[in-house]
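The values are calculated or read from the model by the stated rules, or taken from the named source; none is laboratory data. Treat the numbers as computed from the prediction; the structure is a model and nothing was measured. Positions of Cβ are backbone-derived with ideal geometry, glycine not excepted, and every protein chain shown enters the neighbour counts. Only protein heavy atoms, including side chains, enter the accessible area calculation; ligands, DNA and RNA are left aside. Shrake-Rupley method; radii C 1.70, N 1.55, O 1.52, S 1.80 Å.
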Amino acid sequence: MIRPEDTSLYKTLPLASDPKVRRRYQVIDEPLPGNFRFGVLLEDLDIMAEQAALGYARRFHDDAKVVTAAIDNIIVRHVVDSDRDIQIDARINQVGRSSMVVGMRVEHPGAPATHIASCYFTMVARGGEAAEESRTLPPLVYQDELEQRRAEKSLQARELYRQQQAALQEPPSRAEYELLRSLHQAQDDPGFRGLKAKRLVVDAWERMYPEQEYVPHRIFGGYIIRRAYELSSICAELVAPNRAIIAAVNRINFFHPVRLGDKLHYTCRVVYTTGSFICVEAGIERISRDRTTKALSNSCLFTFVNVDADLKHQPVPQIYPGTYAEDARYLAAYRSHQAMVAHYTLL
């Protein structure tokens, strides 16, 4: 019998005591509040989720491999202090037929501890020579109420996430239609000087090489989402008058595996702004080496907040969609942001 606590993993990033580690996680080499490379942390989280899930799957299948299927909402509750250690805790909370939900908690240890963020990674067990075959897994055994509550919470979070994604596909409500209409009407004014969404795009190309490989024949997903985050943060700077720092990862979906030799096309767009918040959507398209296959490998939505030197929120300009596709992205980000705010308020 395997309990959730038997799957636990812990990792400490010694930022306080190791200058080399601290430098690796810094954005710039000078004192700055919130001077922390969040994209590298995303990489660490994906590695730990993979290790926890692989350890469980390998108990039952020697050839097991695991891949990341999705990452649920990550709400950054406190700005990271780059002079304090960071502890990452990973534990499998729930096991499905071939999937595992890994709960992750990131905090500054100490008295008192500072909770930085929590999230859930959905991992899937695969096997076979090309790691394409599903591997069935036995369920965890829960021996106390706390373990059961954690399992239920992870399932509730996943179900809430599915509901939010389904809601994104709904047609606009009357209020949403009026919002979009007002944004289009503003652009008809001869004196219009607003920020048009079509101008707020950053893209990049990259080919995948063996150093990015993690699971055999597949590129490490954590590397890809780090790159997507870093490009998205640059994109957010097109709008932020001051400094854009991460507030939340609204979603990260993994659709198709990326393989050696693939070309990746990253496209990041500012799709929605409100108050001090900036939502950036990142799409990652893979093109096979022989150029016969093209598919969306990942989609991400990041929320940044514009802050001053003291980390106080500062307003950002309104952006204006001008096409049907821009309207759809604006509305999806608007709804996702509303759901994130509601979720945070209830916590």
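Tabulated results
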read-out: Candidate lysines - alpha carbon under 30 Å from Lys312, same-chain residues fewer than 8 apart omitted; value: Lys20, Lys196, Lys198
read-out: Cβ-defined net charge surrounding Gln318, 13 Å radius [Lys, Arg +1; Asp, Glu -1]; value: +2
read-out: Percent of Cα-Cα distances greater than 15 Å, calculated over region 87-179; value: 72
read-out: In degrees, nearest ten, helix 324-346 long axis to first principal axis of the chain (Cα); value: 60
read-out: Accessible surface of region 175-265 [probe 1.4 Å, protein heavy atoms]: carbon and sulfur percent; value: 52
read-out: For region 1-113, accessible area per residue (1.4 Å probe, heavy atoms of protein chains only), Å²; value: 45
read-out: Region 1-97, relative contact order in percent, only Cα pairs under 8 angstrom and at least six apart counted; value: 49
read-out: Carbon plus sulfur fraction of accessible area for region 1-97, probe 1.4 Å, in percent; value: 48
read-out: Percentage relative contact order, the chain, counting C-alpha pairs under 8 Å, at least six apart; value: 17
read-out: Cut-off 15 Å between beta-carbons: net charge of the residues surrounding Val79, Lys and Arg +1, Asp and Glu -1; value: 0
read-out: Longest site-free stretch - the chain; sites: chymotrypsin sites (Phe, Trp or Tyr not before Pro), DSSP loop, at most 14 other Cβ within 10 Å; value: 61-191
read-out: When the convex hull of its Cα atoms is projected in every direction, mean area for the chain (nm²); value: 19.7
read-out: Segment Ser17-Arg162, length gained on full extension (0.36 nm per residue, minus Cα span); value: 48.1 nm
read-out: Region 39-112 and region 1-37: distance between their alpha carbon centers, rounded to Å; value: 13
read-out: nm² value of the averaged projected area, convex hull over the Cα atoms of region 50-128; value: 6.1
read-out: Anisotropy class of region 13-163 from Cα gyration tensor, a/c 1.5 cut; value: prolate
read-out: Principal-axis tilt of helix 38-57 within the chain, Cα atoms, nearest 10 degrees; value: 30
read-out: Loop sites in region 222-292: trypsin sites (Lys or Arg not before Pro), DSSP, at most 14 other Cβ within 10 Å; value: Arg289, Arg291
read-out: Degrees, to the nearest 10: 221-236 long Cα axis against longest axis of the chain; value: 20
read-out: Probe 1.4 Å, accessible area per residue of region 198-337, Å²; value: 42
read-out: ³J(HN,Hα) computed for each position of region 116-126 - Karplus, 6.51 cos²θ - 1.76 cosθ + 1.60, integer Hz, glycine/proline x; value: 8, 6, 9, 6, 10, 9, 9, 10, 10, 8, 10
read-out: Qualifying aspartates and glutamates (Cα of each under 20 Å from Cα of Lys294; at least 8 residues distant if same chain); value: Glu132, Asp203, Glu206, Glu213, Asp262, Glu281, Glu285
read-out: Region 235-337 - Rg and Dmax from Cα coordinates, angstrom; value: 15.6, 51
read-out: Residue order for His265, His337 - accessible surface, 1.4 angstrom probe, largest first; value: His265, His337
read-out: Long-range amide H partners of Gln94 with built H, under 5 Å; value: Val101
read-out: Per-selection Kirkwood Rh - region 187-258 (Cα, Å, 1 d.p.); value: 15.2
read-out: Alpha-carbon centroids, region 325-340 and region 215-265: separation in whole Å; value: 19
